[in-house]
């Protein structure tokens, strides 16, 4: 059985999150935005029912989800790391 460690750290700064991950002894992989700009789209739930719209939206989010200059548009970010 593999054991996993999860810890929550509150920050609003991507560089600060990277530093904390590295200081903890983990190998930093990436930082991802959770919501991206999706929360800004009116009636998102209804629009996602349309397959072509959903695919276009997801493609757009994938394009920018790791871009540090657009990270601030998301209300939440997630640091991804692996144990060394």
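The values are calculated or read from the model by the stated rules, or taken from the named source; none is laboratory data. Computed from a predicted structure; not experimentally measured. Neighbour counts run over all protein chains shown; Cβ positions are idealised from the backbone, glycine included.
See the values below:
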| read-out | value |
| --- | --- |
| Scope the range 36-71; condition in a loop (DSSP other than H, G, I, E, B) and out of contact with any helix residue (DSSP H, G or I) (no Cβ under 6 Å at 6 or more places or on another chain); matching residues | 41, 42, 43, 49, 50, 65, 66, 67, 69 |
| Matching residues in the range 19-35 - criterion: being part of a helix (DSSP H, G or I) and under 18 Å from the mean Cα position of the chain (by Cα) | 19, 20, 21, 22 |
| Residues (within 10 Å of the chain's Cα centre (by Cα) and without any contact (Cβ under 8 Å) to a residue 60 or more places away in the chain) located in the range 70-84 | 71, 74, 75, 76, 78, 80 |
| Complete set of residues in the range 46-75 that are loosely packed, with under 10 Cβ neighbours inside 10 Å and modelled with pLDDT under 90 | 69 |
